[in-house]
Ligand SMILES: Cc1cc2nc3c(=O)[nH]c(=O)nc-3n(C[C@H](O)[C@H](O)[C@H](O)COP(=O)(O)OP(=O)(O)OC[C@H]3O[C@@H](n4cnc5c(N)ncnc54)[C@H](O)[C@@H]3O)c2cc1C
Ligand code: FES
Ligand code: FES
């Protein structure tokens with residue numbers, strides 16, 4: 001069965017590759033591109049640990065073939081820091097608000113939150129919780145993840161960060 | 001979990017896709033968003049030798065109003081169903097239902113056409129399309145034809161689509177601006193298929209129900225159109241006795257499986273509860 005030639009942009013870099021059509025995007029990123037930030041949690045489309053940004057969508061890369069990303073613009077956690085290497089607002093938020101414990105879900109959470117804030121720059125707590133409904137975290141209980149996203153929204157909007165009441 | 005090997009095709013037009021499917025035969029399958037098919041391929045419940053990806057066909061996407069109908073292209077995503085202002089104005093129950101499908105990530109890629117063509121009784125949009133009286137436009141090697149949503153579903157993963165036919169668009173009659181609607185879904189958690197769900201669209205005048213349509217999700221091999229139950233409501237004030245009788249009639253046509261979502265008897269009762277709640281909310285939204 002013929003391999004497919006794909007061309008895409010990953011974290012701002014043009015990439016060309018030959019892939020078997022059955023290669024899932026998560027395997028392509030982790031094994032062919034050595035971008036191991038996106039994780040495989042459930043492998044069934046439920047947990048969101050494999051979430052990456054693809055053409056203005058958050059997608060579960062365990063449920064997407066690499067050939068479906070032909071021509072796409074992809075961002076993974078490896079492309080989330082500021083160009084000068086400092087942490088982006090979301091990364092800083094997760095650090096400051098203790099939005100992670102083991103960190104397994106974090107790359108997916110940050111990529112999902114990234115798209116959420118693009119579409120809704122000042123989300124309510126409810127909108128944040130609904131927005132990350134496809135990302136599971138077994139450690140934090142989500143409270144600090146919500147705060148981390150609120151922190152990032154405030155930083156991006158230049159508004160004061162108000163910690164939600166416990 | 002890695003799917004079996006297949007060859008990948010990405011035609012640029014419906015004609016090319018139909019020709020490819022005809023040439024490749026039974027071992028070829030259509031790929032839309034992939035969010036129902038890829039899970040089946042990963043568990044090897046499906047092992048197609050060819051996938052024909054419809055994502056390169058531009059005119060399969062989009063939402064437009066044509067006369068007294070809304071026409072939705074098959075490759076329109078579930079996310080687009082939620083974010084379309086025009087659709088929200090004319091048939092708001094579609095966005096309300098779509099918000100209860102899976103999670104945000106799945107809805108960016110999962111398509112409207114894939115959801116209705118898949119034939120999985122757990123999908124949420126088919127019962128809604130039966131409730132709304134939608135018509136499916138399909139194109140195949142013998143040309144184009146139309147199939148009523150209410151005639152489309154024949155069994156689990158078994159529909160009126162012939163092999164090689166592509167669902168291109170769905171036409172939905174725009175309900176009266178005064179209509180009331182609601183989709184109620186019982187699920188165990190985000191990203192779960194329904195234990196039971198009900199779609200209700202009604203119109204009211206002078207406190208009496210003048211029309212009613214009810215669809216039920218995941219309580220049989222196919223989505224259900226509860227036409228007898230709906231007919232029992234017309235002419236009533238939706239008083240308790242009439243609603244009780246209609247709920248009993250709807251429960252009577254369910255045939256759910258006992259599974260991890262609960263025993264069959266429970267799921268039948270939950271279909272009744274979802275219908276009752278949807279009716280209440282639809283009534284509060286209906287003008288007249
Ligand atoms: C974790 C998870 C949770 C989910 N939860 C829900 C839920 O709660 N409710 C719900 O309704 N769905 C749910 N889904 C399914 C999701 O909505 C799918 O996107 C949808 O069922 C199929 O659409 P697709 O575009 O992904 O189709 P695909 O997976 O690409 O295709 C599905 C099937 O339909 C056929 N097909 C697709 N498009 C066409 C066409 N235009 N013409 C003819 N045949 C076609 C394909 O050949 C295939 O057999 C869930 C999926 C996942 C992974
Ligand atoms: S690994 Fe993709 S959703 Fe869990
Ligand atoms: S921090 Fe451990 S899973 Fe989220």
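Bear in mind that the values in this text are calculations on the coordinates, not laboratory data. Quick caveat, the model's predicted, so the values are computed rather than measured. So basically every Cβ, Gly included, is an ideal-geometry build from the backbone, and we count neighbours across all protein chains shown.
Order B:177-183, A:137-143 from most to least packed using the mean count of other Cβ atoms within 10 Å. Present the calculation step by step, with values, prior to reporting the outcome.
Values: B:177-183: 21.0, A:137-143: 15.4.
Most protected by this proxy first, the peptides run B:177-183, A:137-143.
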- Query: Cα convex hull of the stretch B:60-173: mean projected area in nm², to one decimal?
  - Reply: 6.6
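Could you tell me the relative contact order of the stretch B:154-232? Use alpha-carbon pairs under 8 Å, at least six residues apart, and round to a whole percent.
Details: 104 pairs, mean separation 17.0, N = 79.
Across the stretch B:154-232, relative contact order equals 22 percent.
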- Check: C-alpha center the stretch B:211-288 vs C-alpha center the stretch B:2-68, spacing in Å is 34
- Say R0 is 25 Å: what FRET efficiency, to the nearest 0.05, do residue A:143 and residue B:99 get from their beta-carbon distance? 0.55
- Message: Looking only at chain B, where both bridge partners belong to it, what percent of the DSSP beta bridges are antiparallel (to the nearest 5)?
- Response: 85
- If the label point is 7 Å along Cα→Cβ of residue B:188, which residues in the stretch B:15-54 have backbone nitrogen under 20 Å from it? B:36, B:39-40, B:43
- So what's the back-of-envelope 222 nm ellipticity for chain B, counting only DSSP H runs of four-plus at -39500 (n - 2.57) apiece and dividing by all residues, rounded to 500? -10000 deg cm²/dmol
- Item | Percent RCO, i.e. relative contact order, over the stretch A:89-157, from Cα pairs under 8 Å lying at least 6 residues apart | 57
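For a test of the definition: using alpha carbon positions, the gyration tensor, and the 1.5 limit on a/c, classify the stretch B:164-253 as rounded, prolate or oblate. Mind dumping the intermediate values first?
Values: a/c = 1.89, a/b = 1.32, b/c = 1.43.
Note, shape of the stretch B:164-253 comes out oblate.
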- On a C-alpha basis, how far is the centre of the stretch A:83-162 from the centre of the stretch A:1-77 in Å? Whole number, if you could? 22
- Task: Within 10 Å of each Cβ in peptide A:18-24, how many partner chain Cβ atoms are there on average? Round it to a whole number, please.
- Result: 5
- Task: Could you work out the per residue convex hull volume over the alpha carbons of the protein assembly as shown, in cubic angstrom?
- Result: 155
- Order these peptides, B:267-279, B:86-98, by their mean beta-carbon neighbour count within 10 angstrom, highest first. B:267-279, B:86-98
- What percent does the relative contact order of chain B come to when contacts are Cα pairs within less than 8 Å and at least six residues apart? 15
- Item | Other protein chain Cβ atoms within 10 Å, averaged over every residue that makes up B:30-38 | 3
- 222 nm mean residue ellipticity, helices alone, for chain A (DSSP H n ≥ 4; -39,500 (n - 2.57); rounded to 500): -8000 deg cm²/dmol
- Message: With the crude spin-label approximation of a point 7 Å out along Cα→Cβ, what separation in nm comes out for residue B:266 versus residue B:2?
- Response: 3.9
- Item | Rg to Rh, two decimals, where chain B supplies the alpha carbon set and Rh follows Kirkwood | 0.98
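Report the extension gain between residue B:244 and residue B:176 in nm, rounded to one decimal, defined as 0.36 nm multiplied by the number of residues separating them, less their alpha carbon distance. Walk me through the numbers before you get to the answer.
On the way: separation 68, 0.36 × 68 = 24.48 nm, distance 2.59 nm.
Net length gain for the segment: 21.9 nm.
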- Query: Any idea how far apart residue A:156 and residue B:287 come out in nm if each label point goes 7 Å out from Cα toward Cβ?
  - Reply: 3.8
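Mind checking the mean number of beta-carbon atoms from other chains within 10 Å of the Cβ atoms in A:60-67? Mind dumping the intermediate values first?
Values: counts 8, 1, 4, 12, 6, 9, 1, 5.
Counting Cβ atoms of other protein chains within 10 Å of each residue's Cβ and averaging gives 6.
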- Message: So if the hydrodynamic radius of the stretch A:89-157 is defined as the Kirkwood radius over C-alpha pairs, what does Stokes-Einstein give as its diffusion coefficient at 20 °C and 1.002 mPa s, in µm² per second?
- Response: 187
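Kindly state, as a whole number, the per residue volume in cubic angstrom of the convex hull around the alpha carbon atoms of the stretch B:7-53.
On the way: hull volume 3.0 nm³, N = 47.
Value for the stretch B:7-53: 63 Å³ per residue.
Taking neighbour Cβ counts within 10 Å as the exposure measure, how do B:240, B:109 sort from fewest upward? Each step should come with its number before you reach the end.
Working: B:240 8, B:109 25.
Least crowded to most crowded, the residues run B:240, B:109.
Using a/c under 1.5 as the rounded threshold, could you call the stretch A:1-154 rounded, prolate or oblate? The axes a ≥ b ≥ c are square roots of the C-alpha gyration tensor eigenvalues, and prolate needs a/b larger than b/c, oblate otherwise. Please report the intermediate quantities before stating the final value.
Details: a/c = 2.08, a/b = 1.72, b/c = 1.21.
Here the stretch A:1-154 falls in the prolate category.
Rounded to two decimals, what is Rg over Rh for the stretch B:72-125 when you use alpha-carbon atoms and the Kirkwood radius?
My calculation puts Rg/Rh at 0.93.
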- Note on the structure: If R0 = 22 Å, then residue B:258 and residue B:280, at their Cβ-Cβ distance, give a FRET efficiency to the nearest 0.05 of 0.20
